[in-house]
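Note sheet for the following structure.
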Amino acid sequence: MSGLDFKESIQVSLVSKTMKSLSMVLLTCLVSVAQTASPLAQGSVPVVRDAELEGLLLDYSRPILKTAGLNRKGIEIVLVNSSSFNAFVDGRRIFINTGAILTARSPNEIIGVLAHESGHLAGGHQQRLREQIARARTLAVVGSLVGMGAAAAGGLAGVQGASAAGGGLASAAPSVAQRALLSYRRSEEITADRAAIKYLEATGQSGKGMLTTFQRFSQERVLAGVRSNPYEVSHPLPQDRISLMEELAKKSKFYNKTDSKSLQNRHDMARGKIAAYAGGAPAVSRAFQDSRGSAGERYGQAIASFLRGDTRKALSEIDKLIAQDKSNPYLYEMKGEIFLAARQPDKAASAFSRAVQLDKYKSGVIRGRLGFAYLSTGKSSVMKKAIQELRAAISTDPNNFNAYSYLSRAYAQTGDIANAELTEAEANFRGGNLALAKNFAVRAQQKLQKGTPSWQRANDIIQYRNK
C-alpha cells in the first residue's frame with residue numbers, strides 16, 4: 001500500500017473522488033460565468049479577424065481603458081464568432097461575441113459591455129477568482145473529510161443513523177463550496193458594474209446602454225419562463241442589476257447623452273456586415289426592419305449579394321456607398337474582396353491599396369489582403385510588392401496566419417525556397433505546431449547562409465524547447 005495503511009488508503013481514495021466531483025461543480029460554475037470559458041481552455045473559441053470591426057472596437061475601448069489605467073498593459077479586444085450576446089476576459093484580452101454587436105442597437109450598449117469587462121481586468125478579478133477556487137476546493141475537501149469522519153465515528157459507536165448523517169455532510173460539502181464561489185462571483189459582478197459606471201462618467205458617456213442590456217436580459221428570461229435561485233447563479237439576477245444600474249446611471253449628467261451620428265453609422269455598418277455573414281439578406285432585413293434604406297442596411301445587402309455570388313450587384317451597391325463616403329477604408333476593402341471573387345486581382349489590388357492609404361489603424365489584415373491580391377495576379381513584376389506588403393502585415397500583426405501562408409507562396413514564386421520554408425516554420429511555430437515548425441526550419445537552414453539573420457531565426461526554432 002505504498003507506506004499507507006488500509007484506512008488511510010480509503011480516505012485518500014474518497015478525497016480523490018471528492019476532488020473530481022468538485023472539479024465538475026467548478027466547471028459548471030465557470031461555464032455559467034462565461035459561456036465560452038471551457039472552449040477557451042480547450043483552444044476552440046472561434047476567433048474572427050476583421051479590420052473594420054477591430055477598428056470600431058478599438059475606438060470604443062480606448063477612452064475606457066485609459067480611464068481604467070489599462071491603456072499601457074497591452075489589452076487586446078478579440079472578436080468571437082458567436083450569435084449570443086456575451087463577453088468575457090482572459091489574461092490581457094477582452095473577448096466579445098459578434099452576436100453582441102449585432103444585437104446592440106447603439107454603440108453605447110457595447111461601450112458599456114467593454115467598460116464592465118474592463119472593470120474585471122482593473123479589479124484583478126481573474127487572479128482573485130483563482131484564489132476563490134482554491135479556497136472552495138479546500139472547503140469541499142475538508143467538509144468531505146468531516147462528513148466521512150462523522151460516518152466512521154457513528155459506525156464504530158453503533159449510533160443509529162449517524163453514518164447516514166455523515167454521508168449527508170460529505171455530499172453537501174461541494175454544494176457549500178459552489179455556493180461560496182458563486183456568492184463571490186456575484187459580488188464581483190456588482191463591483192465591475194460600479195466600475196463601468198465610473199469609467200463611463202469619467203469619459204463623458206452614458207450608462208443607459210448598460211441599463212438597456214440588463215433590461216433585454218430580463219425580458220428574455222421572462223419570455224423564456226426562466227426562474228432562478230439567486231444563490232445558484234454566478235451573476236446577480238437581471239432585475240437586481242437593473243435596480244442598481246438605474247440608481248447609478250441616472251445620477252449622471254450624461255445619462256441622456258447619445259452617440260454621435262458618425263459613430264452610430266459605423267456601428268450600423270458593422271451590424272450590417274455581421275448580419276450578412278451570419279444569415280445573408282434575410283438576416284440583414286431582420287436587423288434593419290426599422291431602418292430600411294440606411295447605410296448599414298445597404299452595406300449588409302451589398303455584402304449578402306457578394307456572398308451569394310452576385311458580384312455585379314454587390315459592386316454597384318458598394319460604389320454607391322463610396323460615392324457618399326469616399327474616406328471609408330472598409331468600403332474599398334470590401335470592393336477589393338468583390339474584385340478578387342470576380343477574378344480581377346489587378347483591380348482588387350488597386351482597391352486594397354486605397355484602403356491601406358485610408359486606414360488610420362494600419363491594419364495588418366488589410367495589408368495582408370493587398371499582398372494576396374498582388375500574389376493572385378501571378379505576375380513576377382509585382383511579386384516583390386506582394387512580399388513587401390505581406391512582410392509589413394506580419395510585422396504589425398504577428399498572429400495574421402493567412403499572411404504567413406501568402407508570404408510563403410510569394411517567396412516560392414520568386415524562387416526563394418529557403419525563405420518560403422522559413423516562413424512556413426514561423427507560421428507553425430506561432431501556431432503551436434512545434435514539430436512541423438522544426439521540420440521546415442531544418443529544411444530552410446540547409447539552404448540559408450550560416451550566420452545570417454534568417455539562418456539564426458531558423459536555428460532558434462530548431463533549438464527551441466518547451467519548458
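Just so you know, all these numbers are worked out from the coordinates, no wet-lab data involved. Predicted model, so just to flag it, every value in this text is computed and none were measured. Here the Cβ positions follow ideal geometry from the backbone for every residue, glycine too, while neighbour counts run over all protein chains shown.
Key figures
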quantity	calculated
Hull volume in cubic angstrom per residue (convex hull over the Cα atoms of region 388-453)	82
S405-T203 pseudo-label distance in nm [points 7 Å out on the Cα-to-Cβ vector]	3.4
Estimated FRET transfer efficiency when R0 is 51 angstrom, pair D240-K362 (beta carbons, to 0.05)	0.70
Sequence-distant lysines (8 or more away, or on other chains) whose Cα lies within less than 26 Å of K385	K326, K335, K347, K360, K362, K447
Footprinting exposure proxy for T191, T98, T423 (fewest neighbouring C-beta atoms within 10 Å first)	T191, T98, T423
Residues of type aspartates and glutamates that K384 reaches as a straight line, Cα spacing below 13 Å, ignoring anything fewer than 8 places off in the same chain	D416
Greater than 21 Å apart at Cα, pairs in K273/K320; K198/K253; K313/K379	K313/K379
Under the Karplus curve 6.51 cos²θ - 1.76 cosθ + 1.60, θ = phi - 60°, whole-Hz ³J(HN,Hα) for region 99-112, x wherever Gly or Pro sits	x, 5, 5, 5, 6, 5, 7, 9, x, 4, 5, 6, 4, x
Diffusion coefficient, µm² s⁻¹, Stokes-Einstein with Kirkwood Rh over alpha-carbon pairs of region 275-463 at 10 °C and 1.306 mPa s	88
Other-chain or far-sequence residues with amide H under 5 Å of R93's (modelled H)	E76
Distance in nm between pseudo-label sites at D310 and Q289 (7 Å out along the Cβ direction from Cα)	2.2
Extension gain from K257 to Y464, taking 0.36 nm per residue of separation minus the Cα-Cα distance	69.1 nm
